[in-house]
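The values are calculated or read from the model by the stated rules, or taken from the named source; none is laboratory data. Note that this is a predicted model, so its numbers are computed, not measured. Here the Cβ positions follow ideal geometry from the backbone for every residue, glycine too, while neighbour counts run over all protein chains shown.
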Amino acid sequence: MNRTTATQTTWLTKFANAQLLAGVLLLFCALTFYYFAVLRIDYRKTTLLDLGPYPDATEYFAQAKALRRDAWPYIQIGYEKLPSRYPFGYPMLMLPWLKILRGTDSVLAPFRTNQTIGLLLLLAVFAFYVYLAMPLTGGFAALLLATLPGFFTFCRSSLSEVSASLLIVLAFMFAYLGVQEGRRWKIYLSAIFLGLSLNVRLQSLFFAPLLLAMAILPVRGARLRWFFHCTAVPLVFVVAASPMLILNMIQFHSPFKTGYDLWASYFSRHHLLFCLPYIPRNALMLWRETTLQPLGYDAANIFGTGTSFVPAFVMLICVGLLFMRLSWFLCCAFVAGLSSFAATLCYLFGGDLRFYLPLLILLIAVAVLPVTWAAKNLFAGKRIVLALPVFILFAGACLGYPSRSGYNTAGIERCQARDAVHVIVSAGKSTQFVAQSDFARRLRRQSGIVLSDIDPVYLNALLPHSFVAAPIDGEHHYKWSYTWRYDRPEALAFVQHGLERSLPVYALFVSSDEVTTKQSRLPVIPGYDWRLLDHSDSKAAILELAPVGPNEPPPRY
């Protein structure tokens, strides 16, 4: 009997060591892929330094620069410091990188932040499963996460999806551990992470049913104590989300008003943000992605191939549902996920698949169940016929094959892993970044005001503090507000204010061709003309407003 027990112990030890070794190797594969798909990108050879899409990325970056400079999040247009439409949580996460990156390299802060957060999320997923003594499952989960197209696409982006996903995933992890171990403090920590995620993405609110996990813990002692904890968890959640609520109260005199009420007044008055008629359109987008039909344009096309997930990943999730064991925590997690999914389907902009990224990452916990089962059966030499199809699905999900890449393309014979490693996203020159860099280099020892069609929030965040930028006229990204206006009269007043203060007045264009087509939109000041500065050593075109002499001929452009 002792010999049998010792043999079993030895076999279990070898199996545990084999699991740990396999898990570490899978994690190494995930990190290697993440390096080549995300960390290795040279952003200076892409158009991404222009910080599209507008105005999302520019406002995030501008808020981060404002927080570093004045310890207050705002965007600047002309001399006005205005509230942003987006929460300040993601800009806060940029601050460490803004301290490291100097000069014009600061524009890389949004990308470096997401690269770092994506790496932390990969390690957190693996560490979670190692803590549960499931290193093999952790390795499979890390590899599925690293090769998820939506994940690595937005890890190399300048948007907030990955940072919000990290906080939401951590909230689910600690809620699960709290329920499994009966530790209420871990559920409180889950509430903190979920509350903090609201400071990054407002849509995180729909994951709040996860906090019902506190109510399913067994009652120990008086029921009054159980009721106290059930009441305290949502209070902790609100306290963690309170920075955003306090800022809204200060800026808009209501904790429930946001920058969208200021900048998207047209859409908020003429469209409901959440409405049942949006469901068919948004559901059709998900169906087209799943069935490899041509897709419309979304943010994923800027930073990747436009694909967020592949059919093999969906099929793996469907198989994983058969391996799930019903539990009270699973009910809480299901209600939270369903709440978020339903809200996104009803959302006006729910056709953008990046809003589903937290759900896709959470579903990896389901997709990895059959893979672990298949691996154990193959190791034991059992049920090989059933295990092999699971591994084929797993390989298809990791390789991203078959799939579709590009905007409205016809072919489906694409491999997302290959495209992620070999295809340089948005290759080319960042024309707006180059234009402002040329302007700052040529006039770095001067001061003045600048009119440009380049996003003024972007320019004010990057140009030296001695310059102040504003739009040429009313054709800009902030024209939808009913309470804040900037058009030709405001541009004229802006220029006159500069002249009264004896400040040089400039107009910045990305090229000489743009001068030809847009110069007529510049304000007309009696006694002054717009003159083209020598631009033989730069790609940008700079005009200066100069007084006209009595016998001076009109300038040529």
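Worth pointing out:
- Only one entry in ALA507, ALA397, ALA427 is closer than 29 Å to PHE309 by Cα, of a type in the set (A, V, I, L, M), touching a helix residue (DSSP H, G or I) at 6+ places or on another chain (Cβ under 8 Å) and buried (at least 17 other Cβ atoms within 10 Å of the Cβ), namely ALA397.
- Candidate set from the stretch 247-294 (those that are free of Cβ contacts under 8 Å to residues at least 40 places away in the same chain and aliphatic (A, V, I, L, M)); member that is nearest to LEU67 (Cα to Cα): ILE250
- Hits in the stretch 464-497 (condition: of a type in the set (A, V, I, L, M, F, W, C) and either buried (at least 21 other Cβ atoms within 10 Å of the Cβ) or not in a loop (DSSP other than H, G, I, E, B) (or both)): PHE467, VAL468, ALA469, ALA470, ILE472, ALA491, LEU492, ALA493, PHE494, VAL495
- Sub-6 Å Cβ pairs linking a first residue in the stretch 74-89 that is free of Cβ contacts under 8 Å to residues at least 12 places away in the same chain to a second residue that is in a loop (DSSP other than H, G, I, E, B) and buried (at least 24 other Cβ atoms within 10 Å of the Cβ), at least 6 apart or interchain, number zero.
- Subset of the stretch 297-311 that is modelled with pLDDT under 85 and of a type outside the set (Asp, Glu) - its residue that is nearest to the chain's Cα centre (by Cα): ALA299
- Checking each residue in the stretch 240-256 for being surrounded by 14 or more Cβ atoms within 10 Å (Cβ to Cβ) and more than 22 Å from the chain's Cα centre (by Cα) picks out MET249, GLN251, PHE252, PRO255.
- Among the residues of the stretch 130-162, the one identified as surrounded by fewer than 24 Cβ atoms within 10 Å (Cβ to Cβ), of a type in the set (Ser, Thr, Tyr) and closer than 26 Å to GLY178 by Cβ is TYR131.
- Test result for ALA491, touching a residue at least 40 places away in the same chain (Cβ under 8 Å) and within 16 Å of THR58 (Cβ to Cβ): no
- Output for the stretch 99-114, where each listed residue is surrounded by fewer than 22 Cβ atoms within 10 Å (Cβ to Cβ), in a helix (DSSP H, G or I) and not hydroxyl-bearing (Ser, Thr, Tyr): LYS99, ILE100, GLY103, ASP105, LEU108, ARG112
- Filter pass, PHE433 being in contact with a Leu (Cβ under 8 Å, 6 or more places away or on another chain) and crowded, with 20+ Cβ neighbours inside 10 Å: yes
- Checking VAL236, VAL314 one by one, the residue that is at pLDDT 95 or above and closer than 23 Å to VAL371 by Cβ is VAL314 and no other.
- Inter-residue pairs, beta-carbon under 7 Å, first farther than 21 Å from ARG531 by Cα and in the stretch 444-464, second outside any loop (DSSP other than H, G, I, E, B) and basic (Lys, Arg), 6+ apart: ALA461/LYS65
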